[in-house]
Amino acid sequence: MQKLIIIGGGELARVIIEAARAQKSWDVIGFVDPQPCEETVRRLGVPRLGDDSVLASLTDERLVLGVGTVKVSRVREGIVERIGVPGRWASIVHPFTSISPTAHIAPGAIVLPGSIICSGATISGHAIVNLGATIDHDVFVGKFVHVAPQAALGGNSRVEDNAYIGMGAIIRDHITVSANTLVGMGAVVSKQFPPGRTLVGVPARPID
């Protein structure tokens, strides 16, 4: 088993720790976080190793980003840039998923239980495909994208870097969601909008 360290110790980190353990190929030796994260230690029995400065002395372990946001934010991207350890990022894929053998899951990506990823789809580095999300054929999910639970991305759609697809949202086939876009919960995106917008409603429309 490979040793694994989680970056972050909050709510998302706990989900990732359990997913990594379910894979049975990772030995989760601990997490790093500036906060004590006592609930994570208590509930999962995983030690806090310190803040991310301790990674300088832990050079053999693989890493995964366990810091989440429920909005468009560069926080996660900034953490990866600051840590700067290319080649050490692990992909965490819960065994209760359905992933095509022709799909590509990049280093750092996280795929959580109940997700379906179909033929030719790409999940880029540090993207999150959350519980029960559906990624249809030939979809491209960019870096640091978060696809929230039960969202559905139609075939040949594209979600560019750092977008957030809200819970239960639907992206029509062959549509591009531009970078840094927030798609609200339950929204239905049927056409493309410029980057950095907040889209809500059925059909989705910008509110900013």
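We did not get these values from a lab; they are worked out from the coordinates using the rules stated. All of these numbers come straight from a predicted model, not from anything done at the bench. All Cβ positions, even for glycine, are placed from backbone atoms using ideal geometry, and neighbour counts span all protein chains on display.
Summary of computed values
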read-out: Packing-based exposure ordering (other Cβ within 10 Å, fewest first) of PHE31, PHE96; value: PHE96, PHE31
read-out: Max mean-square fluctuation residue, GNM over the chain, Cα-Cα springs under 10 Å, options ARG21, ARG48, ARG158; value: ARG21
read-out: Calculated SAXS-style log₁₀ I(q)/I(0) at q = 0.11, 0.14 Å⁻¹ - the chain, Debye, Cα scatterers; value: -0.49, -0.78
read-out: Charge sum, other residues only, whose C-beta stays under 15 Å from HIS104's C-beta, Lys/Arg counted +1 and Asp/Glu -1; value: 0
read-out: Neighbour-count order for ILE17, ILE29, ILE165, fewest beta carbons within 10 angstrom listed first; value: ILE29, ILE17, ILE165
read-out: Between 0 and 90°, nearest 10: helix 11-23 axis offset from the chain longest Cα axis; value: 80
read-out: Sorted by Cβ density within 10 Å, fewest first, the residues ARG205, ARG197; value: ARG205, ARG197
read-out: Most mobile of VAL177, VAL141, VAL54 in a GNM of the chain (Cα contacts under 10 Å); value: VAL54
